[in-house]
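Working notes, structure below.
Any read-out appearing in this document is the output of simple, stated calculations on the displayed coordinates, not a laboratory observation. Quick caveat: nothing in here was measured; it's all calculated off a predicted structure. When we count neighbours, we look across all protein chains shown, and the Cβ atoms used for this are built from the backbone with ideal geometry, even at glycine.
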Amino acid sequence: MRTRHKILEFLKSHETATSSELCDLLGISRQALNVHLRSLIHGDKVLKAGSTRASYYFLPDKTPEAHQYKKTFTLAGLDESRVYQQIAIILNLKQSLSENQESIVNYAFTEMLNNAIDHSRASKCHVQISLDAAQLKFEILDSGIGVFESIAGKLTLEDEHVAMIELIKGKTTTMPEAHSGEGIFFSSKVADKFTLQSHAIQIEWDRALDDVFVSKPRFQKGTRVGFNLRRDSRTKLENVFSEFAPQEYDFQFQKTKVMIKLLKKDYISRAEARRLLVNLEKFREVELDFKSVQHLGQGFADEVFRIFAEKNPQLIMSTSNTTPAIQAMIKHVSSSSI
């Protein structure tokens, strides 16, 4: 049809086009335009990015270049909210992202930049953010003390790996008078991918796989935070908060989830169990995820599911992704307390 041909010709000479631009070009209503666009998209002749009125269209062989922002900031006196407002204007985030997506990016970016300002002990940090048809990504990099070393030192923990375990539980902060320890926890839950790297430890949360991965990359001075959010994400910030800070707990952060596989390959000793249980009594509900864990020692299970459970009857403890063998071990130690 001639209308669809005009759309394709316009897109050949322009990087992208919005619905408003195409309506003005063709002199038709938005409803009529959508009929033609759906046909072109279904035939793989046109691609769509964004959502609702922030949507835009382009040809498959003319994927728009990412819009990028890079800057190094002096941290002393820096206001994370003003930095975000500046970036949002430059990248037109309020128009390019849905309201839910923009609120997520606003929350995560300001929380992570504030961490660099208050905790890193660095003089500067580098910020990089990009927006393309598929996703928004940002990275915040400082050359300070390093997040895991900072936590280990302030809380007198054994090493940085133990500090990492404390961090992923939530409510862990080196400045309790000014911070709640929620920023990294909730940012990792709303991202499609969230990466935290410091020194020789990298931890990555993957929303699609519902999993967490720890690796040992090349030594990285300071802390690097990576955040990815897909342009088709339907995650809502308020839903994530309500999951872990529900109404029945006065919207306070009282629920957490711990991936047991991050502790150690074999879970035999009571010492490993005690390391897991540190500070979990601060929560009202704790989910222990046994994904990828094949073996559970009796000492570990007894410490967690009998001794700790009896000492903290107010805490609701649940498990997920347990094998039949692990379920049997938990049942065995639990029944011994009767």
For this session: Step through the table entries Lys221/Lys291; Lys48/Lys221; Lys45/Lys189; Lys193/Lys216; Lys12/Lys189, compare each Cα-Cα distance with 28 Å, and write down the pairs that go over it.
Result: Lys221/Lys291; Lys48/Lys221; Lys45/Lys189; Lys12/Lys189
Problem set entry | Computed P(r) (all Cα pairs; segment 67-238; 10 Å bins; percent) | 10, 41, 37, 12, 1
Problem set entry | Förster-model FRET efficiency, 51 Å R0, Asp211 and Leu78, C-beta, rounded to 0.05 | 0.90
Exercise. Which listed residue (Gln101, Ile41, Ala301) has the Cα farthest towards the positive end of the charge dipole for the chain, taking +1 on Lys and Arg C-beta and -1 on Asp and Glu C-beta about the Cα centre?
Worked result: Ile41
Problem set entry | Ranked packing of 140-149, 299-308, 34-43, most packed first, by mean Cβ within 10 Å | 140-149, 299-308, 34-43
Problem set entry | Candidate aspartates and glutamates - alpha carbon under 14 Å from Lys331, same-chain residues fewer than 8 apart omitted | Asp302, Glu303
For this session: Pop a pseudo-label 7 angstrom from the Cα along the beta-carbon direction at both Lys282 and Arg121 and give the gap in nm to one decimal.
Result: 2.1 nm
Problem set entry | Two-site FRET efficiency, Ala32 against Leu8, from Cβ-Cβ distance with R₀ of 25 Å, rounded to 0.05 | 0.90
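Within 10 Å of each residue's Cβ, count the other Cβ atoms and sort Met317, Met329, Met112 from fewest upward. Walk me through the intermediate numbers first.
Values: Met317 15, Met329 21, Met112 25.
In increasing order of surrounding Cβ atoms, one gets Met317, Met329, Met112.
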Problem set entry | segment 9-41: GluC sites (Glu not before Pro) in DSSP loop, at most 16 other beta carbons within 10 Å | Glu15
Exercise. FRET efficiency for Ala309 and Ser242, Cβ-Cβ distance as r, R0 = 30 Å, nearest 0.05?
Worked result: 0.70
Seminar exercise, completed: Rounded to the nearest whole number, the per residue volume of the convex hull around the C-alpha atoms of the chain in Å³ is 170 Å³
Problem set entry | Relative contact order, percent, segment 2-58 [alpha-carbon distance under 8 Å, six or more residues apart] | 39 percent
Seminar exercise, completed: Percent relative contact order for the chain, counting Cα pairs under 8 Å at least six residues apart, stands at 12 percent
Problem set entry | Extension reserve of the Ile90-Glu15 stretch, reckoned as 0.36 nm per residue once the Cα distance is removed | 25.2 nm
Seminar exercise, completed: Taking a straight Cα-to-Cα line shorter than 16 Å from Lys255, and setting aside same-chain aspartates and glutamates fewer than 8 residues away, one finds Glu166, Glu182, Glu238, Glu243, Glu281, Glu285, Glu287, Asp289
For this session: When a/c is below 1.5 the answer is rounded, else prolate if a/b is larger than b/c, else oblate, so apply that to segment 254-335 with a ≥ b ≥ c taken from the square roots of the Cα gyration tensor eigenvalues.
Result: rounded
Exercise. Given just the C-alpha atoms of segment 2-58, how large is their convex hull per residue in cubic angstrom?
Worked result: 73 Å³
Seminar exercise, completed: Per the Cα gyration tensor, segment 20-156 corresponds to an equivalent ellipsoid with semi-axes, largest first in Å, of 40, 14, 12
